[in-house]
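The values are calculated or read from the model by the stated rules, or taken from the named source; none is laboratory data. All figures in this text were calculated on a predicted structure; none of them were measured in a lab. Using ideal geometry, Cβ is built from the backbone for each residue, glycine included, and neighbour counts are taken over all protein chains shown. Side chains are part of the model used for accessible areas, which takes the heavy atoms of the whole protein and leaves out ligands, DNA and RNA. Shrake-Rupley method; radii C 1.70, N 1.55, O 1.52, S 1.80 Å.
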Amino acid sequence: MPSTRKKTNKAGQVFYEIRVSRGRGKSYLTRRWYPPEGWSQKAIDRELANVAAEFERQSDAGEVITRAEQREREAEAEREAAKILTLRQYGERVFMPAKTVTMSENARASYQGNLARWIYPALGDVKLPEITPAQLSALLLSMQAQGKAQGTVLKVYTVLQGLFKMAYRSDTIPLNPMDKVDRPKPRKDEQPKEEEEKAYTAPELHRILQCLKGEPLKWRCYVSLVADTGVRRGEACGIQWADIDFKAGTITFRHNLQYTPAAGVYDTSTKGKRARTVDVGPHVLELLQQLREAQASSAISKWVFTKEGSPEPMHPQTPTEYFHSFGERYGIEDFHPHKLRHTSASVALTNGADLISVSERLGHKDPATTARIYAHANQESIRRAGQIVRDAIEKAGQG
């Protein structure tokens, strides 16, 4: 079990030091956790226990290591790099082992999949120092010629950027060929969606919620919750009953269910690496209460959203499948969980919510991220603010 101690840093901030023992002959692993201001001791203790348990899991899985071990791992990587001949060998022996330490399982699986499907078949057997910008550009162009989506091509471009940057910095190659490879542009027949097209309007959202009335309770609850809070798909699947405060009308998002073929369904921390508490509407709370009562009569579980007739949590990809079938039944174009997240944020911003509050609600680390994604909504708010000023002046003149 991890041990925790309350401490204060030089700036006078209170933090908790979490220490995990890794057995005889191995040094302890430690990390700091700073409790948010204004939290009660009970809330701090509860969240500290979650953070400590997750840190212990990461330690047991080898996802966190000491600085000395990291230096040794980097030295070993450099020794391996000296033996590297091909791109595939570098990817398997150096690049992916190094990335795995800092990446989530989901990101690791994505990188590994792009290497295996696109990069290794095209260039895997070529000696790393011999790969040219022309060859890399040809790979990306061939993907576009096959009709692959812009997002897919950009993911491969990102993997190549990371791999060759690491190889160059470790002196495995004398030059970085990706410095001369342009970021792929969309095909002429592939126009990227404008941000406002990624969200529904308030009337469209109202119709969606009306269509829900004939759907099973679990899905009425799930869709209404995502529309109300803008929570991510995996975070919604990861809600536990202990995370809901029915009296206060809030939900604390602490978990994020993810899936990869290698790891299966697994529970990890939220994308921002910190819990966040948001308020929910009375209608959603009522649906949650009904769901809890229905669940208690069939399969009692700590998870809010479960598999049919089972206490196991719902697979995080199941909502996407349901949203697709729901959209087809009711004629709702491009209906998926993330579009509902966009909608929740856009509706909030265009109706007067401040950027900081929306950013916190969405779980963005930086409000600038929210501002960039929802620039169209901000522009609408700015226009509305200008009209308020004009209306006030006109009203004063009439008086």
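Here are the numbers for the structure shown:
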quantity	calculated
Average projected area [Cα convex hull, the stretch 99-145], square nanometres	4.1
Accessible area, probe 1.4 Å, largest first, for residues Asp171, Asp334	Asp171, Asp334
Surface accessible to a 1.4 Å probe, Asp60 within the full protein complex, Å²	120
Relative contact order computed over the chain (Cα-Cα under 8 Å; 6+ residues apart), in percent	11
Residue-averaged [θ]222 nm for the chain, counting only DSSP H segments that reach four residues, each worth -39500 (n - 2.57)	-15500 deg cm²/dmol
Listed residue pairs exceeding 18 Å between alpha carbons, taken from Lys271/Lys307; Lys213/Lys307; Lys127/Lys148; Lys148/Lys185; Lys10/Lys271	Lys271/Lys307; Lys213/Lys307; Lys127/Lys148; Lys10/Lys271
Equivalent ellipsoid semi-axes - Cα gyration tensor, the stretch 1-124, angstrom	37, 18, 12
Shape category assigned to the stretch 218-316 from the gyration tensor of Cα positions, a/c cut at 1.5	oblate
Rel. contact order, % - alpha carbon contacts under 8 angstrom, at least six apart, the stretch 1-133	17
Helix axis angle, 337-350 relative to the chain longest principal axis, alpha carbon, degrees	60
Percent of alpha-carbon pairs separated by more than 15 Å within the stretch 291-347	59
Charge sum, other residues only, whose C-beta stays under 13 Å from Ile119's C-beta, Lys/Arg counted +1 and Asp/Glu -1	+1
Surface/4 of the Cα convex hull for the chain, nm²	27.5
